[in-house]
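A quick write-up on the structure given underneath.
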């Protein structure tokens, strides 16, 4: 955990010197979580302003507060900066440079969290491995993760998300990764990034910020592989996927696991992972490739991949008496939807799909939803349930039975009624953007699935 003199902050934050020999331990951006000796950073967000909670943080024992505006009515040290968000990043970057520890960073349109968890499972067998929690992959979450680096930390594994141009460049400059992984480029966040080319450029900033002795780990099958290869600022490159350095063969995709042969240079070995679907084999290849870069032995890689946890909300099977639920409710984009449908199709028997709109797809959003429904027609899915206007309009392209809903409560009532009266067991895929709250549907069906 970060521990530093308050007097050292002005040099890091480029502000006036301050005379204080106090030492802060830990950084907080939420007054509810502030504990004695913390440094409180007042972040101004869309729904809240941390400046409104500086007094509460100081009352709870915060040694100092980083703010954008000085409040003369407050006691305690206030360090005034132009931008508290950038101050948070600068402080995290400074702390990271104090440790000669490998930092593995992952970005990409899909697969970031799964690859992160796989690598964490592998490397944690070799020593203390710090991995970012959940989706702490932005300009707030990444710095907060880096503050947890300690002398005992042997590896750091973080993911980096991008909602707009420049995001990955900013995060990479903070984390200073030694290994950069790009899983793929696919339609996501198009509302701000506008095109696949812009997404590729934004993601590519990860490998253009690598040190000369670093390593880029790239998806050989991605259409932007050659572009990323050119932008790679390190002297090393390892590719994964078909035609790459690390590839799979003899794949066997089962309902609750995936088996394959891992090939990396002179090594050939059979592996099993609990994650389902061919796309997760590719995620495992990315994780294995990065681990090989760190000279991890194959047995440790195989054991770590086998133990890597399945993540609720991300192609997570919940099996019961009446239905089998494939919970992929965490988020959605067209490529991730195709992968989820492929996974559902390995199930025998009747199959349904519950879809919530895929958000932030920009001006082509309706077209992308239409294309997704047309592709579903080839999958053998018998019933479609849509939540949201985009899939509601696109449902007319579905060739079998479909129903549209405008709120999640009515959707839940309808599904529960159908499940309770169904004479046969069905498998149901539930997928949509987080704002559609399809996790509520999953929880409701789990309760009904007795």
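Where a number appears in this text, it was derived from the coordinates with a stated rule and is not lab data. In this text, all values refer to a predicted model and were calculated from it rather than measured experimentally. Every residue, glycine among them, receives a Cβ derived from its backbone with ideal geometry; neighbour counts consider all protein chains shown.
What the table below lists for this structure:
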| read-out | value |
| --- | --- |
| For the stretch 156-208 versus the stretch 43-82, the gap between their alpha-carbon centres in whole angstrom | 31 |
| Distance from the stretch 217-245 to the stretch 285-346 (C-alpha centre basis), Å | 22 |
| Surface/4 estimate of mean projected area, convex hull on alpha-carbon atoms of the stretch 206-319, nm² | 7.7 |
| Added length on full extension, which subtracts the Cα-Cα distance from 0.36 nm per residue, residue 229 to residue 371 | 48.0 nm |
| Inter-label distance for residue 69 and residue 98, nm, one decimal - labels placed 7 Å from Cα along Cα-to-Cβ | 3.2 |
| Residue exposure sequence - 245, 226 - by fewest surrounding Cβ within 10 Å | 226, 245 |
| Selected from 211, 72, 187 as most flexible by GNM, with the chain as the system and alpha-carbon contacts under 10 Å | 72 |
| Additional length obtainable on full extension of the chain from residue 152 to residue 86, 0.36 nm per residue less Cα span | 21.0 nm |
| Distance in nm between pseudo-label sites at residue 11 and residue 396 (7 Å out along the Cβ direction from Cα) | 6.7 |
| For the chain, calculated [θ]222 nm from helices alone, where every DSSP H run of n ≥ 4 adds -39500 (n - 2.57) | -10000 deg cm²/dmol |
| Value of Rg/Rh across the stretch 1-158 [Cα atoms, Kirkwood radius] | 1.00 |
| Share of alpha-carbon pairs per 5 Å distance bin for the stretch 99-307, given as whole % | 1, 8, 17, 21, 22, 16, 10, 4, 0 |
| Acute angle (nearest 10 degrees) that the helix 112-123 long axis makes with the longest principal axis of the chain, alpha-carbon atoms | 70 |
| Within the stretch 3-81, percent of DSSP bridges classed antiparallel, to nearest 5 | 30 |
| Fraction of antiparallel bridges per DSSP, the chain only, in percent to nearest 5 | 30 |
| Length gained when the stretch residue 18-residue 418 is fully extended (0.36 nm per residue, less Cα-Cα span) | 137.3 nm |
| Fewest-first ranking of 107, 114, 406, using other Cβ atoms within 10 Å as the exposure measure | 406, 114, 107 |
| Computed label-point distance, nm, for sites residue 378 and residue 25 using a 7 Å Cα→Cβ extension | 6.0 |
| Max mean-square fluctuation residue, GNM over the chain, Cα-Cα springs under 10 Å, options 262, 418, 253 | 418 |
| Within a Gaussian network of the chain (alpha carbon springs, distance under 10 Å), most fluctuating of 52, 439, 222 | 52 |
| Cα gyration tensor shape for the stretch 282-339, rounded if a/c is under 1.5, else prolate or oblate | oblate |
| Sequence of 152, 68, 423, 443 once ranked by neighbouring C-beta atoms within 10 Å, starting from the fewest | 423, 152, 443, 68 |
| Distance histogram in 5 Å bins (all Cα pairs of the stretch 3-81, percent per bin) | 3, 17, 29, 26, 18, 5, 1, 0 |
| Distance-filtered residues of the stretch 414-450 - backbone nitrogen under 16 Å, label point 7 angstrom along residue 407 Cα→Cβ | 414-415, 436-438, 440-441 |
| For the stretch 353-436, diffusion coefficient by Stokes-Einstein and Kirkwood Rh (Cα), 37 °C, 0.692 mPa s, µm²/s | 248 |
